[in-house]
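One structure below.
The values are calculated or read from the model by the stated rules, or taken from the named source; none is laboratory data. In this text, all values refer to a predicted model and were calculated from it rather than measured experimentally. Here Cβ is always computed from backbone atoms with ideal geometry, including for glycine, and neighbour counts include all displayed protein chains.
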Amino acid sequence: MKLKTISVEQLALETAKVIDEARKHPVVVRSPGKPPLILRQLVDDDTADELVIHNPKFRASIRAARRRRGAGKGISLAAARSRLKA
């Protein structure tokens, strides 16, 4: 699938039209000297994933878990499942 590419100026002039297009397929927005952006429709999973991934507490908990596992203090999958059932 070839992505439609537009300029940031075109986005400013035709915002509603570009948004309607982005609901159907991704649209690349280019601005000179800056990295391109991709506009696309989000689904519920995308929104939840973004909120969790960028949450500082979540990221800190992942780092802490990796440190514990690296120090040999991890637990088996069976033990984790058992704890979650309780």
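Every condition in (1) farther than 30 Å from residue 2 by Cα; (2) among the basic types (Lys, Arg); (3) in the same structural domain as residue 11 (by TED's automatic domain parsing) is met by residue 59 except one, and the failing one is (3).
Here the helices (runs of 4 or more DSSP H) wholly within the chain that include at least 2 residues being over 24 Å from the mean Cα position of the chain (by Cα) are 8-13, 56-70, 77-85.
Could you tell me whether residue 48 is hydrophobic (A, V, I, L, M, F, W, C), outside the structural domain of residue 11 (by TED's automatic domain parsing) and more than 30 Å from residue 11 (Cβ to Cβ)? No.
Can you work out which of the residues in segment 63-79 that are surrounded by 11 or more Cβ atoms within 10 Å (Cβ to Cβ) and of a type in the set (A, V, I, L, M, F, W, C) is modelled with the lowest pLDDT?
75
Pairs are defined by a Cβ separation below 8 Å, a sequence spacing of at least 6 or placement on different chains, a first member in segment 50-62 that is surrounded by 10 or more Cβ atoms within 10 Å (Cβ to Cβ), and a second member that is basic (Lys, Arg) and at pLDDT below 90; the pairs so defined are 53/59.
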